[in-house]
Amino acid sequence: MNAMNAPERTSWLVAALLLVAAGATAQEAQPVQVINLPEVQRVEGDVRIEEPVPHSRFHRIIDVTVPPGALESTVDLVEERTLDVSGFTEVSLSLLVVTGDLLSREGTVGAWLVPAEERVSLVLDQYAEAMFPLAVETTVTPGTGLRQFGSEPTRHAIAFPRYRVLFFNDSAKAVTVSLFAYLTN
């Protein structure tokens, strides 16, 4: 048997490491090319931000009376106003529905945010088709004893700077709705 003692093993290990290190330093230097990208936007002079840049905004549309109607008819939609969402990338929508009386049948109550663009509005008004809607809705149910109903929050990507806010109600009675819109970046 060829047994090495500890000092012999250490000597062989040091010799092997020296050979490996010598081989690594013998390699030639590799050429490297550095590319500096052109300036994207030049800023000169003083730069000031007068007020904090908003990262979120909260909108409320409170206590809108929505009579019953057919979802297939744009005449039955209740348009409240136009919501300016420019500068934001997402919106979370929540809906609160209050019924004045007990309901006689189940129905769906909701809100559509439809882009406030001429061509999109034309399709909605002439063909009763909501293009690119951001929607939130809830089901109102009779026999529960409840007069308040809430939706699950819905989150949407924002694709247009302004949206028309339209409410619908296909239950048998008029309801009062409140829409909460939380805009974020």
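Every read-out reported here was derived from the displayed coordinates using simple, explicitly stated rules and does not represent laboratory data. A quick note: this is a predicted structure, and the numbers were derived from the prediction, not measured. Note that we place each Cβ from the backbone using ideal geometry, even for glycine, and neighbour counts take in every protein chain shown.
Quick check for me: using +1 on Lys/Arg Cβ and -1 on Asp/Glu Cβ, what's the dipole size of the stretch 45-96 about its Cα centre, in debye to the nearest 20? Approximately 140 debye in magnitude. In a DSSP loop and with at most 10 other Cβ atoms within 10 Å, the GluC sites (Glu not before Pro) in the stretch 37-117 are GLU39, GLU44, GLU50, GLU72.
If a/c stays under 1.5 just call it rounded; otherwise compare a/b with b/c (prolate if a/b is bigger, oblate if not). Do that for the stretch 46-151, with a ≥ b ≥ c from the square roots of the Cα gyration tensor eigenvalues. Write down the numbers at each step before the final one.
Working: a/c = 3.15, a/b = 1.54, b/c = 2.05.
It comes out oblate by the Cα gyration axes.
Please sort by residue number the trypsin sites (Lys or Arg not before Pro) in the stretch 78-185 whose DSSP state is loop and whose Cβ has at most 15 other Cβ atoms within 10 Å. Of the trypsin sites (Lys or Arg not before Pro), the ones in loops of the stretch 78-185 whose Cβ has at most 15 other Cβ atoms within 10 Å are ARG105, ARG147. Annotation: amide H-H contacts under 5 Å for VAL85 (H modelled 1.01 Å from N, sequence separation of 5 or more, or interchain): ARG162, TYR163.
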